[in-house]
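Peer 1: Got a structure for you, questions after.
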Amino acid sequence: MRSLKHWMRGLLTLPGVVLPLLPSTTCPVCIAAYAGALSTLGLGFLFNARVQTPLILAFLAVSVASIAWSTRSHRGLGPLVASLAGSAAVVTGRIIWTIPAVVYAGIALLMGASLWNLWLKRPRSKPLVQIEVMPREESNT
């Protein structure tokens with residue numbers, strides 16, 4: 001049960017990774033397909049950039065907060081730094097400028113940070129045998 005809960009917490013970064021992949025209005029080939037798919041699912045309102053921007057920011061904040069929260073337990077700052085860099089890249093590439101390569105690099109960083117965080121939180125097995133070296137007693141001869 002603990003491992004399932006562990007993995008569910010690790011998946012909190014998923015919305016922050018998936019939402020920036022929704023198309024902007026720059027892809028004329030994909031607009032109709034995505035609009036139809038989102039409308040079929042009842043999510044047609046997500047096609048609007050005014051709705052996507054706050055959602056992207058909110059989900060990125062949730063993913064960074066979840067990694068920051070787990071940093072307390074394993075004391076590794078690497079995943080937190082990688083998730084902050086990935087979030088900055090997604091915001092820069094998706095919201096500030098429209099640079100798909102930067103968005104994809106940010107998403108890759110976020111996914112890598114999430115996997116790195118899960119790897120640091122894994123339970124470590126204890127050795128079967130532990131050998132301790134006893135100090136030698138000195139003779140007074």
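Peer 1: Which of the residues that make up region 96-105 are surrounded by 18 or more Cβ atoms within 10 Å (Cβ to Cβ) and closer than 22 Å to SER66 by Cβ?
Peer 2: VAL103
Peer 1: Of the residues SER87, SER83, SER3, which is at pLDDT below 65 and either under 30 Å from ARG124 (Cβ atoms) or touching a Lys or Arg at 6+ places or on another chain (Cβ under 8 Å) (or both)?
Peer 2: SER3
Peer 1: Next up: List the number of the failed condition for LEU109; all other conditions in (1) within 17 Å of ALA61 (Cα to Cα); (2) modelled with pLDDT under 85 hold.
Peer 2: (2)
Peer 1: With respect to the numbered conditions (1) modelled with pLDDT of 70 or more; (2) surrounded by 15 or more Cβ atoms within 10 Å (Cβ to Cβ); (3) more than 21 Å from LEU110 (Cα to Cα), which one is the sole condition not fulfilled by LEU38?
Peer 2: Of everything listed in (1) modelled with pLDDT of 70 or more; (2) surrounded by 15 or more Cβ atoms within 10 Å (Cβ to Cβ); (3) more than 21 Å from LEU110 (Cα to Cα), LEU38 misses just condition (1).
Peer 1: In region 83-107, which residues are among the hydrophobic types (A, V, I, L, M, F, W, C) and under 9 Å from the mean Cα position of the chain (by Cα)?
Peer 2: ILE107
Peer 1: Kindly indicate the residue of region 73-92 that is closer than 26 Å to ASN48 by Cα and free of Cβ contacts under 8 Å to residues at least 24 places away in the same chain and also surrounded by the fewest Cβ atoms within 10 Å (Cβ to Cβ) among those meeting that condition.
Peer 2: THR92
The values are calculated or read from the model by the stated rules, or taken from the named source; none is laboratory data. Predicted, not measured: the structure shown is a model, and the values here were computed from it. Note that each Cβ is placed from the backbone with ideal geometry, even for glycine, and that neighbours are counted across all protein chains shown.
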